1. Take the stretch 212-242 and flag every residue that is at pLDDT below 80 and either in a loop (DSSP other than H, G, I, E, B) or at positive phi (or both).
2. Based on this model, can you work out whether ILE157 counts as buried (at least 16 other Cβ atoms within 10 Å of the Cβ), part of a helix (DSSP H, G or I) and out of contact with any strand residue (DSSP E or B) (no Cβ under 8 Å at 6 or more places or on another chain)?
3. Take the conditions farther than 15 Å from SER76 by Cβ and not aliphatic (A, V, I, L, M) and apply them to ARG36. Does it pass?
4. Residues to consider are LEU100, LEU120, LEU79; find the one that is under 17 Å from the mean Cα position of the chain (by Cα), within 30 Å of ILE23 (Cα to Cα) and surrounded by 14 or more Cβ atoms within 10 Å (Cβ to Cβ).
5. So which of GLU274, GLU180, GLU209 is acidic (Asp, Glu), modelled with pLDDT of 85 or more and more than 24 Å from ALA160 (Cα to Cα)?
6. Which of the numbered conditions does THR299 fail, given that it passes all the others? Conditions: (1) in a strand (DSSP E or B); (2) over 29 Å from the mean Cα position of the chain (by Cα).
7. When you go through (1) surrounded by 13 or more Cβ atoms within 10 Å (Cβ to Cβ); (2) at pLDDT below 85 one by one for ILE44, which number turns out not to apply?
8. So for the stretch 138-146 (the condition being touching a Ser or Thr at 6+ places or on another chain (Cβ under 8 Å) and at negative phi), does at least one residue qualify?
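The values are calculated or read from the model by the stated rules, or taken from the named source; none is laboratory data. Everything numeric here is computed off the predicted structure, so don't read it as measured data. Methodologically, a virtual Cβ is constructed for each residue, glycine included, from the backbone with ideal geometry; neighbour enumeration extends over all protein chains shown.
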Amino acid sequence: MYRDNVYSNYKSGRILYLYTKLINGEAISKAEEAERFGVNKRSIQRDFDELRMFFENQFIEGKSNKKLVYDRGSNSYQLIEEDSPLLNNSEIYVICKILLESRSLCKDDMESIINKIVELAVPKKNKSAVKTLIANEMLHYIEPRHKKHFIENIWEIGIAVRECSIININYLRQDGKCVERTVKPVGIMFSEYYFYLTAFIDNIDKNAEFANPDDIFPTIYRIDRIISYKVQDKHFDIPYKDKFEEGEFRKRVQFMYGGKLRIIRFRYKGTNPEAILDRLPTAKIISHDNEGFVITAETFGDGIDMWIRSQGNLIELL
């Protein structure tokens with residue numbers, strides 16, 4: 001018990017102890033603390049009153065945005081932040097749902113990240129509620145078949161992107177062939193279960209290796225298929241006018257397949273094109289009549305063809 005400590009008999013010691021717990025995001029029960037220190041509840045209540053005044057004065061003077069509040073549901077005091085830069089419980093739950101639905105990581109990696117995020121929830125009853133809400137999904141989580149651990153790789157490759165460092169990679173292609181490449185990394189992207197590296201290949205004969213030698217866009221590599229890599233102590237430079245705009249590229253490469261930049265036009269025969277417009281960020285409705293919506297979109301690669309076929313009779317390519 002804390003009351004064995006030599007300072008526990010002093011009020012200042014109690015207040016510092018309570019202050020530390022509050023700052024660490026813990027919810028504090030008045031009854032439990034009274035028992036801990038061997039004093040009555042009124043003494044602990046006075047400690048809380050003084051702490052509340054302290055935090056309110058800090059708030060008024062603009063030195064802090066923390067306030068001490070009493071939660072009747074848990075019968076405890078806790079410190080909350082007005083306009084907090086931290087995640088609230090609803091945001092924590094939403095992030096956990098998105099991560100689980102992405103199915104992008106091995107189960108142990110996913111569990112580790114989810115548990116760390118849930119630990120940010122306060123008070124304890126909310127932490128328990130978030131865990132309960134996602135427990136079933138976590139139990140039945142299906143990890144990707146490649147079963148690769150690559151979180152640290154993504155960070156190291158991300159640093160290489162930021163510092164414009166050239167990377168040597170050994171890459172397992174979809175056809176099962178392993179190739180060596182020296183690349184200039186320009187971005188990391190995520191799409192439908194997988195993380196991708198976008199990079200320009202250095203010193204390659206485009207006429208011999210590329211189906212489209214005039215392709216000015218980066219090559220796309222699934223990060224879990226990078227067998228090994230080495231970041232060189234060598235940097236590349238791209239003039240500002242030619243810098244890779246990941247956000248603009250991302251609007252056009254929805255399916256992570258190579259190919260040309262294309263403008264397609266198709267008729268959507270459904271009643272509401274909202275899902276189509278969300279799927280293709282560059283899509284625009286050109287016209288609408290009894291036969292459906294005529295839509296145009298700028299897209300990169302051949303993946304759009306497979307997607308259109310998967311829509312059956314709902315989409316007619318014009």
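1. ASN212, PRO213, ASP214, ASP215, ILE216, PHE217, ILE238, PRO239
2. Against the criterion (buried (at least 16 other Cβ atoms within 10 Å of the Cβ), part of a helix (DSSP H, G or I) and out of contact with any strand residue (DSSP E or B) (no Cβ under 8 Å at 6 or more places or on another chain)), ILE157 does not qualify.
3. no
4. The match here is LEU120.
5. Within the list GLU274, GLU180, GLU209, the selection yields GLU274.
6. (2)
7. (2)
8. yes
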